[in-house]
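The values are calculated or read from the model by the stated rules, or taken from the named source; none is laboratory data. Nothing here was measured: the structure is a model prediction, and the numbers come from that model. Glycine gets a Cβ as well: all are built from the backbone with ideal geometry, and neighbour counts include every protein chain shown.
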Amino acid sequence: MSREIVFDTETTGLKPFKGDRITEVGCVEVIDLIPTGKTFRRYVNPERDVPEEVVRITGLTSEFLADKPVFAEIVEDFLDFVGESQLVAHNARFDRDFLNAELTRLDRRLFDDKRFVDTLRIARKKFPGAYNSLDALCKRFSVSLSERSLHGALLDAKLLAEVYLELNGGRERSLDLGRHTPPRKRQNIPGKTIAELKAVIAPLSAEQKDQHLKFLEQVGEDPLWKKFL
């Protein structure tokens, strides 16, 4: 089972080591590429003014953020949610630099580059020469942008979680029940009955069954895959 955290930040600008600060952090937990429903979101008082051009993008004003906690007050909750999981972000260097700038101010351990998966880099390899912004990828994969009138860290993280799944093969890949079976046991078994198929598929844990049933709710009524549980 692979746990990852898809996340995004909103900020006061583009230069984390020259005074720009985080204004919002949004995270989505995914296990084996599927969102579990667990999320993390905090607005952050950046301890400085938010430029008007940024307000037009995020809607987060200095007045709105004035009574929100500063980063030092949310850092423990954020690190607890993230744990040791891989971090997935679009243009990950941007978000990594902002997180590390905040952690530097607090004299905390920084995030290593190896912790991050950059979906922008993945998209550029998959679609060379194409426009690979988050908006463009959502449109390419038919991910709805109907709720996105402004940029928001949690909303963008949720959209990115859907895009990340598609970049890794889409929902068809997530139905690979045989992935928990050691490679030497995998085989082509045409003509087998469901009972015979169950015998060669590795049994799922209670947690895996629960995750699979939640996913099947999106497939339709009484899908064939339920017979394998």
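Return yes when Phe111 is in a loop (DSSP other than H, G, I, E, B), under 18 Å from the mean Cα position of the chain (by Cα), surrounded by 15 or more Cβ atoms within 10 Å (Cβ to Cβ) and assigned by TED's automatic domain parsing to the domain that holds Thr9 and no when it is not.
Against the criterion (in a loop (DSSP other than H, G, I, E, B), under 18 Å from the mean Cα position of the chain (by Cα), surrounded by 15 or more Cβ atoms within 10 Å (Cβ to Cβ) and assigned by TED's automatic domain parsing to the domain that holds Thr9), Phe111 qualifies.
Does segment 73-101 hold any residues that are more than 28 Å from Leu167 (Cβ to Cβ) and surrounded by 13 or more Cβ atoms within 10 Å (Cβ to Cβ), and which are they?
Hits for segment 73-101 are Ile74, Val75, Asp77.
When only residues in segment 7-25 that are under 14 Å from Ala92 (Cα atoms) and touching a Gly at 6+ places or on another chain (Cβ under 9 Å) count, which is surrounded by the most Cβ atoms within 10 Å (Cβ to Cβ)?
Only one residue tops the list, namely Phe7.
Somewhere in segment 20-42, is a residue of a type in the set (Phe, Trp, Tyr) and either more than 24 Å from Phe111 (Cα to Cα) or without any contact (Cβ under 8 Å) to a residue 24 or more places away in the chain (or both)?
no
Restricting attention to segment 1-46, report how many residues are part of a strand (DSSP E or B) and among the aliphatic types (A, V, I, L, M). Walk me through it before giving the result.
Taking segment 1-46 as the starting set, the residues that turn out to be part of a strand (DSSP E or B) are 3-11, 22-31, 34-43.
Then keep just the ones that are among the aliphatic types (A, V, I, L, M); that gives 5-6, 22, 25, 28, 30-31, 34.
So the answer is 8.
What residue, among those in segment 143-162 that are of a type in the set (A, V, I, L, M, F, W, C) and surrounded by 21 or more Cβ atoms within 10 Å (Cβ to Cβ), is nearest to Asn132 (Cα to Cα)?
First pass over segment 143-162, keeping only residues of a type in the set (A, V, I, L, M, F, W, C): 143, 145, 150, 153-155, 157, 159-161.
Restricting the remaining residues to those that are surrounded by 21 or more Cβ atoms within 10 Å (Cβ to Cβ) gives 153, 157, 159-161.
Numbers: Ala153: 18, Ala157: 16, Leu159: 14, Leu160: 12, Ala161: 15 Å.
Filtering first and then ranking leaves Leu160.
Within segment 50-70, track down each residue that is β-branched (Val, Ile, Thr) and touching a residue at least 40 places away in the same chain (Cβ under 8 Å). Outline the logic, then answer.
Restricting attention to segment 50-70, the residues satisfying the condition of being β-branched (Val, Ile, Thr) are 50, 54-55, 57-58, 61, 70.
Scanning segment 50-70 gives Val54, Ile57, Thr58.
Give the residue that is farthest from Leu33 (Cα to Cα), with candidates limited to residues of segment 117-133 that are among the hydrophobic types (A, V, I, L, M, F, W, C) and surrounded by fewer than 21 Cβ atoms within 10 Å (Cβ to Cβ). Please lay out each step first, then the result.
In the first step, residues of segment 117-133 are kept if they are among the hydrophobic types (A, V, I, L, M, F, W, C); the result is 117, 120, 122-123, 127, 130.
With surrounded by fewer than 21 Cβ atoms within 10 Å (Cβ to Cβ) added as a condition, the list becomes 117, 120, 122, 127, 130.
Working: Val117: 13, Leu120: 17, Ile122: 15, Phe127: 20, Ala130: 24 Å.
Checked segment 117-133; the qualifying residue farthest from Leu33 (Cα to Cα) is Ala130.
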